[in-house]
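Please read the structure below before turning to the comments.
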Amino acid sequence: MLLGRVVGRLWAARQADSLGGRKLLLVRPETASGGAAGRLVVAVDGLDAGPGDRVIVAHGSRVRDLTVGPDVADKDVVIGIVDGVELAR
Amino acid sequence: MLLGRVVGRLWAARQADSLGGRKLLLVRPETASGGAAGRLVVAVDGLDAGPGDRVIVAHGSRVRDLTVGPDVADKDVVIGIVDGVELAR
Amino acid sequence: MLLGRVVGRLWAARQADSLGGRKLLLVRPETASGGAAGRLVVAVDGLDAGPGDRVIVAHGSRVRDLTVGPDVADKDVVIGIVDGVELAR
Amino acid sequence: MLLGRVVGRLWAARQADSLGGRKLLLVRPETASGGAAGRLVVAVDGLDAGPGDRVIVAHGSRVRDLTVGPDVADKDVVIGIVDGVELAR
Amino acid sequence: MLLGRVVGRLWAARQADSLGGRKLLLVRPETASGGAAGRLVVAVDGLDAGPGDRVIVAHGSRVRDLTVGPDVADKDVVIGIVDGVELAR
């Protein structure tokens with residue numbers, strides 16, 4: 001899973017039926033130094049996260065099936081909103 | 001899923017039957033700062049996207065099955081054309 | 001699998017049921033020169049690892065099923081705590 | 001799928017039976033600016049590609065099953081040789 | 001699959017049963033210029049490779065099943081030891 005920051009939302013009028021009009025969040029993965037890491041991730045929101053939230057994004061068909069349902073064409077799902085991070089050293 | 005910009009099209013006369021002559025788009029993934037992130041992605045177009053469009057590309061066997069069909073040897077599919085992005089902060 | 005250093009823990013009060021309240025570790029992947037490589041990984045701890053430990057993180061549905069169970073929405077699992085590394089040349 | 005350039009071939013006398021002595025190509029993934037992106041990919045050649053060719057490499061168990069067969073321990077397969085690229089802008 | 005150099009071995013006394021005490025190699029992926037690419041890979045050795053060897057590492061559940069067995073919680077397996085590389089241009 002990845003740790004990232006919600007940096008925005010996306011709208012797409014033309015979309016495959018299998019996206020189902022769900023709320024899509026733009027998530028910026030984080031590095032150990034708090035910087036941005038590589039490309040943005042578009043994740044389905046299963047927890048009502050908002051801009052600025054730090055979230056845990058899981059990837060895979062089973063997490064999709066367990067959360068937003070098997071008929072969704074997306075395997076990146078927000079499954080946790082982070083309250084605290086305890087860093088070592 | 002990734003957010004990217006359509007930067008071109010590809011033609012391949014010599015191709016595996018399983019590609020089926022489908023329209024192939026070159027997509028450049030984006031970072032939070034709008035820059036390019038890593039390598040290009042070749043995606044099957046299921047929505048008639050064009051050069052310059054910002055698109056959402058999903059990856060996986062189920063999204064392929066649900067959109068372009070199970071006999072296509074490609075798991076990267078354009079499943080949304082982005083109308084708007086609302087950035088936080 | 002990846003080699004990384006445990007750099008902290010995460011708490012998430014709002015989380016999908018499928019995470020099951022399990023202990024979540026932040027792991028920083030390592031490069032050959034000992035530096036940090038890309039984005040952080042959030043992994044379920046199956047071995048009681050702690051901050052500063054060097055760990056092996058496996059990814060996949062089967063390792064998840066074999067260790068923390070099939071109903072967990074996470075495919076990154078700490079499956080080894082490293083005692084020694086013998087570097088060549 | 002990725003777009004890359006064939007930069008060489010590999011030979012491996014000691015190999016798992018499941019590789020089956022197939023022709024292995026070294027492919028360098030490309031970025032939007034034509035540069036090299038990250039690590040090299042070793043792909044099975046299903047189309048008789050040669051050094052210098054620009055190729056499309058697909059990844060996954062189904063593409064492998066559809067092209068080189070289910071008993072091959074490789075999921076990266078050259079499935080197209082690029083004739084033309086039309087870049088936008 | 002990736003091309004990499006074996007840079008060392010790992011020992012982990014505390015490990016999940018599903019690793020089965022197998023020999024674990026640290027592999028540094030290579031770029032086209034021979035440099036190191038990103039994070040290290042921990043792979044199970046199915047061919048008795050040693051430090052300094054250039055190896056091909058495959059990833060996936062089927063290669064694991066075909067080589068080291070289905071009960072191993074690792075999907076990165078050394079499946080070839082490289083004798084020669086013929087670079088184009």
Identity of the residue in segment E:69-89, modelled with pLDDT of 85 or more and assigned to a loop (DSSP other than H, G, I, E, B), that ends up surrounded by the most Cβ atoms within 10 Å (Cβ to Cβ): E:Val82
Is it fair to say E:Leu3 is closer than 24 Å to D:Ala58 by Cα, more than 9 Å from chain C (Cβ to nearest Cβ), modelled with pLDDT under 90 and surrounded by 19 or more Cβ atoms within 10 Å (Cβ to Cβ)? no
Hits in segment B:1-49 - residues which are closer than 15 Å to D:Pro29 by Cβ and either over 14 Å from the mean Cα position of the chain (by Cα) or of a type in the set (Asp, Glu) (or both): B:Ala36, B:Ala37, B:Gly38
Taking segment D:11-40 and keeping residues in a strand (DSSP E or B), at the interface with another protein chain (Cβ under 7 Å from one of its Cβ atoms) and hydrophobic (A, V, I, L, M, F, W, C) leaves D:Trp11, D:Leu26, D:Ala36
Of all residues making up segment D:15-46, the number that are modelled with pLDDT of 90 or more and surrounded by fewer than 19 Cβ atoms within 10 Å (Cβ to Cβ): 0
Which residues, taken from segment B:47-63, are at pLDDT 80 or above and either of a type in the set (S, T, N, Q) or closer than 22 Å to D:Ser61 by Cα (or both)? B:Val57, B:Ala58, B:His59
Touching a strand residue (DSSP E or B) at 6+ places or on another chain (Cβ under 7 Å), among the aliphatic types (A, V, I, L, M) and either at pLDDT below 90 or part of a strand (DSSP E or B) (or both): is that true of A:Leu66 in this structure? no
C:Gly50 - would you say it is at the interface with chain A (Cβ under 10 Å from one of its Cβ atoms), in a loop (DSSP other than H, G, I, E, B) and under 19 Å from E:Leu10 (Cβ atoms)? yes
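The values are calculated or read from the model by the stated rules, or taken from the named source; none is laboratory data. Not measured: the values here are computed from a predicted model. We place every Cβ from the backbone using ideal geometry, glycine too, and count neighbours over all the protein chains shown.
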